Amino acid sequence: MTDATPETIHLKDYRPFAYIVEDVHLTFRLADTATRVISRISFRPNEGFPGEFFLHGQDVKLISAKIDGIEVSPVVTSEGLTCDVPDHPFVWEAEVEISPSTNTALEGLYMSGGMYCTQCEAEGFRKITFYPDRPDVMSVFTVRVEGDYPVLLSNGNPVASGDGWAEWHDPWPKPAYLFALVAGNLVAHPSSFTTMSGKDVALNIYVRPGPDADKCAFGMEALKRSMTWDEDVYGREYDLDIFNIVAVDDFNMGAMENKGLNIFNSSCVLASPETSTDANFERIEAIIAHEYFHNWTGNRITCRDWFQLCLKEGLTVFRDQQYTGDQGSHAVKRIEDAITLRSRQFREDGGPLAHPVRPESFIEINNFYTITVYEKGAEIIGMLKRLVGDAAYYKALDLYFTRHDGDAATIEDWLQVFEDSTGRDLTQFKRWYSQAGTPRVSVSDDFKNGTYNLHFKQETSPTPGQEHKQPQVIPIAVGLFSANGDEVVPTQVLEMTEATQSFSFDGLKSKPVPSILRDFSAPVILQRDQSNAERAFLMAHDTDPFNKWDAGQTLAKDVLTQMITRDAAPDSAYLDGIAAILRDDTLDPAFRALAVSLPSEDDMAQVLHSAGTVPDPLAIHHAVEALRVAMAQHVQDILPRIQADMTVSGPFSPDAKSAGKRSLGNAVLGLLSRLDGGAAATVQYAQADNMTMQLAGLAALLRLGKGNAESQAFRNQWREDRLGMDKWFGLTVSLAAPQNAAQTAIRMTQEPDFDMKNPNRFRAVFGALAGNSAGFHDASGASYALLGDWLAKLDAINPQTTARMTAAYETWPRYDADRQTKMRAALETLGATSGLSRDTGEMVGRMLGNQTS
C-alpha cells in the first residue's frame, strides 16, 4: 500500500472556506516543461467563518508570493501552503512553475498531441497554481494566455488578443474545477446559434488539422439540437457570446463541462459514417447534450462539496436521458438505461464497492465518479418526477433555477424546492441519497370476490459501513391484464413506503395477470414466483415496452439457469416468444433487436450467485452460445426475410429509424452466422460502406473463431485512425476465446500502436479483457494476474484511470474458492506496489474489505 495512511474526508466535517474570493486574474506563459502561472487574487475574510489561510497546491514550484505587493514566505507542503494574512481584504499574488509535458496523470495542465489542455475536475486546479480548490469557492476569472500558438482559449468571452497572446473573461462566478485552457495548432469547425431571446452565439469545435476536421459536422448539429431542447423543455438559455468544444486524444473521462470551453475525449465528439457506429453516434449526441446541459445544472448551480456530486451529475444524466428519448424512442432508451443500471450499478451496489449516491466519506474523490452517483442518481430524479408529476416537476425546477442560480448547492437545497413547491414531505425519500444497496421487492398476490391484492415486501442487504436499512419510498407502476390479453387496469403508480405493504384492485371479473414495475419505475430488484407461461404471456401481450422486453429477459435467464444447472434443453415457450417478436413488423426494429438479445454472461453469473449457485464462467459462456444456436435454428425460416427488410438504402444517416433497422439487421446477422458458418457476415463485411455494418460483420466472424483475414484487413484499413484502431483492439480482445483471452491481450500490448499512456487505448485492451467474462475468469487466473501487472505499471503514470479499472475485480466474492484466491492475490500484489497512488490504494482497500465509504 502507500507509505502513509491517507486522510479520510467526511461529509459531517464540512466547513465553509474562511475567505471569499472576489476575483481571479491568471497569466499563463506556456512552455512545455516550465510553464509560468502568475495569479492575482482578491480575498476578503468570510465573516462568521474564521480559519487559516490555506491554498491547495500539488506538483507546483513556488517562485514568489506577495500580499498587497509585499513579498511573503508561505509555509509550503506537498498539499498546499499556509500564510499569515491581514484580517481585512487583500490581494494575493503568486508565480509558480509547472511542467505540462511530463504530466502523464492528465489532471491540471498537460499536453496531448502537441496541444496544451486542462482537466480540473475534481481537484486538478491545484496542480496549476495555489488556490482554494473546492467547489464552494466561486469567483469571476480573467485569463491571459501567452504562447506561440495560433489558438489560445480559455473560459468565457474573448476580450482581447494579439500576436502570441489572448485574454478571456468569464463574467459568471465559477469554482476552480470548471477552469479550462487550451493552446495549440488547431482548426475550427464554426457555426452559430440564435437563442430564444434573439442573442447570437458563436459555436466552434476545435480539432487537429487533418482528417479530424471532417468529423465535426454531426457534433455541431447535436450541440445545436441540445441548445434548442434545453430552451424548449427547461427554459434554459445559453449565457455567453461563444461556446467552444475542443477534441483531445488523451483524456481520462468522456468530456468536461468547463464554462464556455468544453473539452472532449476525441471518441466522444468526432464522428463520421466510415469511422463511427450507430452506437457511437448516439453516445456522442448524449455526451454533447450532457455537457451542454451542465451549463445550468452544474455550472450556474454547482455543488457545495464533492459529497453533493450526485446533485449535478444525477440531474444532468436524467436530462440527457430525456433528451435522447426525445430524439429517438423513449421505450428503447429506457430499456438501454435499465440494462446499464442492472448490469453495472446493481453489481456495484451488491459488492465491496457499494456506496450511497451521496457518500458519507472518501479518501480520493476521483473514485466516486461512479455509476452509482451518475446513473442511480438519475434514477432518483426520475422517481421524484414520477411521484410529483410532470407539471410539479418542472415547477420545482423553475424554483430551483431561480432560488439557487449562482449557488453551490446541496441535496437538501434540491429537495427543499420540491417540498416548497409541492407540499410533499420528502424526508423518507431522501434515504435514496443516503442508503447504499439495491432494494429487493418481493411480491405475492391473491384474488377473492372481485378484489385482486398485491402484497409487497422490501429489503435491502447490508453494505460496507451500513448494516441496517430503513424502508425506502418506492414508486411501483402496475397494470393488469385479463387472461385473453386485454389491459383491464392501465398503469397506476403505487407508492410503497413501508417494509410490507398491500394494494387492492376492486371490480375485476377474474384474477388478472399483473405487469409490475412498468417502465422500470424504480431501481429495485423485483422478486416474484412466476411461471414461464406467465412470462411468455407478458412477452406477447404486455403494452408496456419495458415489461414486454423484461418478461423475455426474465424468461431467458430462467432458461439459461436450467441449461447450466440441469443440462436442460432450451424452453420452447421462450423460443416461440422470440419468434413472435421477430415476426411482428409493427414493433420498432430497435426494440426487436433488444428483445432478441440475451442477458450478458456477467449478468448470468450474478443470477446464479443470487440463487445460491457458484457461477462457472465457462459453463455460462457455453450455455449462452448454445441458446443462441437454438434461437437461430428455431427462427431460421424468417431470418433472411428480416435481414432483407432491414436493409437501409441511400446515404448513411444515424437517425433513430435507420439505426434501429441496422440494429435489428445485425442482430439477425448474429443468428444467421450460427447457421451459415459466417457466409453472410463475410459478405456484409466486404460490402459495408459504414462502420456499423463493417464492425458487425467482423464481430460475427470473430465470435465463430473465424475472420482472421478480415481482422487484419480492418487493422490495415484503420491503422492511421486512432478511433478505428481502438475498435480493433477492443473487439479482438473482447471476442477472443476464453482460453486465449490473456494471451490475446498480451499480443495486443506488443502491437506498435499500443500506447499505455493513452487512456482510450489502454481501456480498449484491458477494459475489453475485463469484459470478456469467461476469458477474464478463466480458471488459470492468467487474466487476473495480467491485469494486475499492467495496473501496477499504469498507476505510476495515470492513477485515476488505474483506480477506475481496478473495479474489474469487484465481483470476486461471487466465484469459487480458487478464483477468489487468485483475484485476491492479484489485488494484494497490486496493493503492495511501492508508491501506490492514493486513488488505487483506496479502491484496493475497499475491495479487500480494509476500508468502507
>> Just to verify a result, which residue in region 623-645, among those that are without any contact (Cβ under 8 Å) to a residue 60 or more places away in the chain and charged (D, E, K, R), is surrounded by the most Cβ atoms within 10 Å (Cβ to Cβ)?
In response: Arg628
> Got at least one residue in region 649-669 being among the aromatic types (Phe, Trp, Tyr) and over 24 Å from Phe754 (Cβ atoms)?
Replying inline: yes
> How many of the residues in region 441-465 are buried (at least 18 other Cβ atoms within 10 Å of the Cβ), out of contact with any His (no Cβ under 9 Å at 6 or more places or on another chain) and in contact (Cβ under 8 Å) with a residue 40 or more places away in the chain?
Replying inline: 5
> For residues in region 35-53 being open to solvent by 60 Å² or more (accessible area, probe 1.4 Å) and either free of Cβ contacts under 8 Å to residues at least 12 places away in the same chain or part of a strand (DSSP E or B) (or both), which is farthest from Tyr149 (Cα to Cα)?
Replying inline: Gly48
>> Looking at Asp232, Asp337 in this structure, which one is without any contact (Cβ under 8 Å) to a residue 24 or more places away in the chain, not β-branched (Val, Ile, Thr) and not in a strand (DSSP E or B)?
In response: Asp232
> If a residue has to be outside any helix (DSSP H, G or I) and either among the hydroxyl-bearing types (Ser, Thr, Tyr) or open to solvent by 40 Å² or more (accessible area, probe 1.4 Å) (or both) to count, how many in region 817-853 make the cut?
Replying inline: 10
> Do we find that Leu270 is among the aliphatic types (A, V, I, L, M), open to solvent by less than 10 Å² (accessible area, probe 1.4 Å), in contact with a helix residue (DSSP H, G or I) (Cβ under 8 Å, 6 or more places away or on another chain) and part of a helix (DSSP H, G or I) in this structure?
Replying inline: no
> What are the residues in region 466-489 that are of a type outside the set (Gly, Ala, Ser), open to solvent by 20 Å² or more (accessible area, probe 1.4 Å) and touching a residue at least 24 places away in the same chain (Cβ under 8 Å), if any?
Replying inline: Gln466, Lys469, Gln470, Pro471, Glu487, Val488
>> Quick test of your reading of the structure: Ser658 fulfils all but one of (1) small (Gly, Ala, Ser); (2) outside any helix (DSSP H, G or I); (3) open to solvent by less than 60 Å² (accessible area, probe 1.4 Å). Name the failing condition by number.
In response: (2)
>> Is it the case, given these coordinates, that Gly382 is open to solvent by 10 Å² or more (accessible area, probe 1.4 Å), closer than 20 Å to Leu399 by Cα and in contact (Cβ under 8 Å) with a residue 24 or more places away in the chain?
In response: yes
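Conditions tested, residue by residue: (1) under 28 Å from the mean Cα position of the chain (by Cα); (2) buried (at least 23 other Cβ atoms within 10 Å of the Cβ); (3) not in a strand (DSSP E or B).
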position: Glu123; (1), (2), (3): yes, no, yes
position: Val145; (1), (2), (3): no, yes, no
position: Pro158; (1), (2), (3): no, no, no
position: His189; (1), (2), (3): yes, no, no
position: Ser197; (1), (2), (3): no, no, yes
position: Tyr206; (1), (2), (3): yes, yes, no
position: Pro209; (1), (2), (3): no, no, yes
> If only one of Asp390, Asp398 is in contact (Cβ under 8 Å) with a residue 40 or more places away in the chain and either buried (at least 22 other Cβ atoms within 10 Å of the Cβ) or acidic (Asp, Glu) (or both), which one is it?
Replying inline: Asp398
> Say we look at region 493-539 and pick out the residues that are open to solvent by 60 Å² or more (accessible area, probe 1.4 Å) and among the aliphatic types (A, V, I, L, M); which of these is farthest from Ser600 (Cα to Cα)?
Replying inline: Val493
> Counting just the residues of region 226-254 that are among the hydrophobic types (A, V, I, L, M, F, W, C) and open to solvent by 10 Å² or more (accessible area, probe 1.4 Å), which one comes out nearest to the chain's Cα centre (by Cα)?
Replying inline: Met253
> Out of region 676-723, which residues are open to solvent by 70 Å² or more (accessible area, probe 1.4 Å), hydrophobic (A, V, I, L, M, F, W, C) and more than 16 Å from Ala736 (Cα to Cα)?
Replying inline: Val683, Ala686
> What number of residues in region 347-376 are over 22 Å from Thr840 (Cβ atoms) and surrounded by fewer than 20 Cβ atoms within 10 Å (Cβ to Cβ)?
Replying inline: 0
> Counting just the residues of region 8-34 that are part of a loop (DSSP other than H, G, I, E, B) and closer than 24 Å to Gln308 by Cα, which one comes out most open to solvent (accessible area, probe 1.4 Å)?
Replying inline: Arg15
> Has region 104-121 got any residue that is farther than 19 Å from Ile263 by Cβ and in contact with a strand residue (DSSP E or B) (Cβ under 6 Å, 6 or more places away or on another chain)?
Replying inline: no
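The values are calculated or read from the model by the stated rules, or taken from the named source; none is laboratory data. Quick caveat, the model's predicted, so the values are computed rather than measured. Positions of Cβ are generated from backbone atoms using ideal geometry, with glycine treated the same way; all protein chains shown enter the neighbour counts. In case anyone asks, the SASA skips ligands and DNA or RNA and just uses the protein heavy atoms, side chains included. Shrake-Rupley method; radii C 1.70, N 1.55, O 1.52, S 1.80 Å.
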